[in-house]
Structures are given as structure tokens and as C-alpha cells.
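Enquirer: What follows is a single structure, and I will ask about it in a moment.
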Amino acid sequence: MKGASDQNEDLRALIRTIPDFPKPGIMFRDVTSLLADAAGLRATVARMAAPWEDKGIDKVIGLEARGFILGGAVAYHLGAGFVPVRKAGKLPGKVVTQDYALEYGSATFELHEDSIAPGETVLIVDDLLATGGTAEAGITLLERLGACIAGCSFVVDLPDLGGAARLRALGMDVHTLVAFDGD
């Protein structure tokens with residue numbers, strides 16, 4: 001049986017790098033190639049869920065959009081419910097909103113106001129952690145609804161962009177599977 005670091009390298013090898021996307025100088029880490037590999041997908045979901053198996057997770061929160069794919073699978077693995085955090089204008093009914101900064105501009109996240117009961121334990125899931133801005137917006141929404149955030153789970157960390165440190169400074173337990181330096 002392979003050790004954890006070997007498993008991480010196996011997953012890392014399944015993540016495609018696309019240079020100069022969406023603009024020159026960016027090395028885009030595309031997890032869709034990992035998701036397309038059945039064994040890689042199973043291993044990813046199991047490894048993302050593992051640190052949280054005994055934490056009493058009530059709901060997994062998936063950040064738009066690849067966080068929906070991974071979050072739903074992690075929720076199933078943990079026996080938890082799944083709640084999507086969407087970009088503005090995508091959810092019907094009453095929502096709470098949170099603006100957040102992007103590299104060039106801003107965006108807004110929305111969450112159904114009745115999707116989380118105060119005191120529920122939640123886990124935030126997404127594919128990639130860069131600056132941590134989108135995850136922080138999700139954290140803010142969840143805290144406004146009274147959620148107890150167990151932590152955050154990501155496939156890819158870009159440590160040079162500081163997202164993990166940013167989330168840890170907010171008191172979050174952050175787990176990632178692979179890191180790509182220099183991005």
C-alpha cells in the first residue's frame with residue numbers, strides 16, 4: 001500500500017497544467033482531468049473527507065462551481081447534507097449575500113438563508129485555494145447564519161498566493177491534498 005505522500009503525488013500527476021490561461025503568465029491548474037479519472041476521483045473524495053470523518057459534519061458547503069462536484073461527493077462520503085454557495089442571481093428564494101474581491105473587480109456569493117441552521121457543523125469544500133478570497137466570502141456567509149465551521153478542504157493549494165495562511169489567520173482548519181509552488 002502506498003503512503004500518503006505517494007497518493008498525493010498520484011493525484012498531482014492527474015492535474016493538468018495549462019500555461020497562459022486565462023491570461024499570459026498564469027499556470028492554470030485544471031482539476032477536470034483528475035475528476036475524469038475514476039480512481040483519482042475516488043481517492044480525492046476519500047482523502048478530502050478523511051480529516052473530517054469524526055467531526056460530526058452536518059453539511060458540506062460547495063463553493064461555485066467545481067466545489068459543487070467535490071462537495072456533493074464529500075457530503076455523500078461523510079453522510080452529510082450538501083449546500084451550494086452560488087454566484088449572485090442563481091438561487092431562488094430568500095438569500096444572504098456577500099461581496100468579495102477578485103483580481104480584477106468583484107463578485108457576490110449567495111446562500112439560501114434557510115440552508116444552515118444555527119449551530120450546525122459545516123465543512124467548506126472547493127477545488128483550489130489561491131488567495132482565499134472566495135473561501136473567506138463563504139466563511140463570512142456561514143458565520144452570519146450561525147454555522148460552526150469545522151474547516152476547509154481543497155484539492156490544490158497555491159501556497160505562494162497565501163490563501164491557506166489567510167484562512168488559518170481566521171481560525172480555520174485548512175486541509176489540501178497537493179500544492180503547486182510558484183503560482
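Enquirer: ³J(HN,Hα) across region 52-67 via Karplus (A = 6.51, B = -1.76, C = 1.60, θ = phi - 60°), whole Hz, x for Gly/Pro?
Expert: 10, 4, 10, 9, x, 5, 8, 9, 9, 9, x, 8, 4, 10, 5, x
Enquirer: Counting only DSSP beta bridges with both residues in the chain, what percent are antiparallel, rounded to the nearest 5?
Expert: So the antiparallel bridges amount to about 40 percent of the total.
Enquirer: Step through the residues of region 141-150 one at a time and calculate ³J(HN,Hα) from phi using the Karplus curve (6.51 cos²θ - 1.76 cosθ + 1.60, θ = phi - 60°), rounding each to whole Hz and writing x for Gly and Pro.
Expert: Here the 3J(HN,Hα) series is 4, 5, 5, 5, 8, x, 6, 9, 8, 5 Hz.
Enquirer: Now for a separate question. Running a GNM on the chain with Cα contacts under 10 Å, which residue among 113, 103, 143 ends up with the highest mean-square fluctuation?
Expert: Largest GNM mean-square fluctuation: 103.
Enquirer: Got the relative contact order for the chain handy, in percent, Cα pairs under 8 Å and 6 or more residues apart?
Expert: 18 percent
Enquirer: Ok, one more. What are the residues whose amide H is under 5 Å from the amide H of residue 121, where those residues sit 5 or more places off or on another chain and H is modelled from the backbone?
Expert: When sequence neighbours closer than 5 places are left aside, the close amide H contacts are 58, 59, 148.
Enquirer: Here is a further query. Give, rounded to the nearest 20 debye, the magnitude of the charge dipole that region 48-110 has about its Cα centre when Lys and Arg contribute +1 at Cβ and Asp and Glu contribute -1 at Cβ.
Expert: 220 debye
Enquirer: Taking the Cα centre of region 54-179 as origin, sum charge times position over the Cβ atoms of Lys and Arg (+1) and Asp and Glu (-1), and report the length of that vector in debye to the nearest 20.
Expert: 160 debye
Enquirer: Any idea what log10 I(q)/I(0) is at q = 0.09, 0.18, 0.19, 0.20 Å⁻¹ for the chain, Debye with uniform C-alpha scatterers and no solvent?
Expert: Cα-only, vacuum Debye calculation for the chain: -0.30, -1.24, -1.37, -1.49.
Enquirer: Below 9 angstrom from the Cβ of residue 110, what's the summed charge of the other residues (Lys, Arg +1; Asp, Glu -1)?
Expert: Value of the local net charge: +3.
Enquirer: Cut-off 10 angstrom, C-alpha nodes, Gaussian network model of the chain. Which of 60, 31, 95 fluctuates the most?
Expert: Most flexible of the set in this elastic network: 95.
Enquirer: Over all alpha-carbon pairs in region 91-183, figure out the percentage whose distance exceeds 21 Å.
Expert: 33 percent
Enquirer: Extending each Cα 7 Å along its Cβ direction at residue 21 and residue 36, get the distance between those two points in nm, one decimal.
Expert: 1.0 nm
Enquirer: Under 5 Å between amide hydrogens, which residues at least 5 positions from residue 28 or on another chain qualify, with H placed 1.01 Å from N in the peptide plane?
Expert: Answer set, sorted by chain and number: 18, 20, 21.
Enquirer: Distance between Cα centroids, region 106-160 to region 168-183: provide it in whole Å.
Expert: 14 Å
Enquirer: Of 70, 138, 35, whose Cα points farthest to the positive end of the dipole of region 1-146 (charges on the beta-carbon: +1 Lys, Arg; -1 Asp, Glu; origin at the Cα centre)?
Expert: Going by the charge dipole, the pick is 35.
Only the coordinates and a few stated rules stand behind these numbers; no lab work does. None of these values were measured; they are calculated from a predicted model. All Cβ positions, even for glycine, are placed from backbone atoms using ideal geometry, and neighbour counts span all protein chains on display.
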